[in-house]
Amino acid sequence: MTPERLRALLDEVARGKATPQKAYDIIKDIPFEDIGIANLDHHRVLRTSQPEVIYGKSKTIDELTRIAKAIIAKMNNLLITRIDKTKARVLLKLSKKLRYNERGEIIVGVFEPVTKAGHVAVVSAGTSDRYVVEEAAETLAILGNNCSVVVDVGVAGIHRLFARIDAIRKANVVIVVAGMEGALASVIGGLVSVPVIAVPTSVGYGSNFGGLSALLGMLNSCSPNVTVVNIDNGFAAAYSASIINRRIAATGDQQ
């Protein structure tokens, strides 16, 4: 239940186009819906403007199917992260509106029209970071953001970044995805006038420690506009970037 749908329903009641009982039947599950294995937070989009998202990695296919069916039944948009191909094949049978991004391991289903505003740039250091880029880009799109993607512009060939920096500067928020030592976030932070959300990835050789080196490098950035999310967490970066971007877009103070 989005704010727009709730307002439209209440307007129908006020104009006599819908009965109070009909409205009650529609909104009675807004606080949450207990489906036995989970309590679906349908009220989240009204509280935070962002819908509930399913983390799929540690859930069984039966649990995922039941949760997805309940969300689809309410005609709410569906986003499931960290889904492997085996689970995806089963879930995609639930609706023709579901789409699977294999590299990003994410399922997207648009059942409520998404109005996009503002601009977020997702920039990666290397092609190997693309799995996190895809997760971030898909999340940004379904949350209502215009998104551009710039890949393989890491510090080992910094001239590649300079060739794209003017386009990156047009964004209201920049998400920077990098493994190895994570230096790209600091570089971009010093070149743009907007918030930079850094995502360390687990890409790198042994002393990268599964992304820990990149995480610590980004946390120690000397660029004060850089904030950091957890290792490989493109979803969290996109979620936060969406809140910032849409607030900027709403005020009209865009890049």
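The values are calculated or read from the model by the stated rules, or taken from the named source; none is laboratory data. This is a predicted model, so every value here is computed, not measured. In this analysis, Cβ positions are derived from the backbone assuming ideal geometry, glycine residues included, and neighbour counts consider all displayed protein chains.
Quick look at the numbers
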{"read-out": "Single residue of Thr86, Thr115 found to be assigned to a helix (DSSP H, G or I) and loosely packed, with under 14 Cβ neighbours inside 10 Å", "value": "Thr86"}
{"read-out": "Options Lys57, Lys85: the member that is modelled with pLDDT of 70 or more, in contact with a Ser or Thr (Cβ under 9 Å, 6 or more places away or on another chain) and charged (D, E, K, R)", "value": "Lys57"}
{"read-out": "Residues of segment 51-83 classified as buried (at least 16 other Cβ atoms within 10 Å of the Cβ), hydroxyl-bearing (Ser, Thr, Tyr) and over 17 Å from Ala137 (Cα atoms), total", "value": "1"}
{"read-out": "Qualifying residues in segment 68-103 (those that are of a type in the set (Gly, Ala, Ser) and touching a residue at least 12 places away in the same chain (Cβ under 8 Å)) - the one farthest from Ala236 (Cα to Cα)", "value": "Ser95"}
{"read-out": "Matching entry among Ala70, Ala121 (being hydrophobic (A, V, I, L, M, F, W, C) and more than 18 Å from the chain's Cα centre (by Cα))", "value": "Ala70"}
{"read-out": "Unique match (being crowded, with 19+ Cβ neighbours inside 10 Å, modelled with pLDDT under 95 and among the β-branched types (Val, Ile, Thr)) among Val177, Val226, Val203", "value": "Val203"}
{"read-out": "Given (1) at pLDDT 85 or above; (2) more than 23 Å from Ile243 (Cβ to Cβ); (3) assigned to a loop (DSSP other than H, G, I, E, B), number of the condition Gly16 does not satisfy", "value": "(1)"}
{"read-out": "Yes/no for Ala214 being touching a Pro at 6+ places or on another chain (Cβ under 8 Å) and over 12 Å from Ile197 (Cα atoms)", "value": "yes"}
{"read-out": "Unique residue being closer than 16 Å to Ala125 by Cα and of a type outside the set (A, V, I, L, M) when the list is Ser202, Ser223", "value": "Ser202"}
{"read-out": "Check on Gly126, touching a residue at least 60 places away in the same chain (Cβ under 8 Å), more than 30 Å from Ala70 (Cα to Cα) and crowded, with 19+ Cβ neighbours inside 10 Å", "value": "yes"}
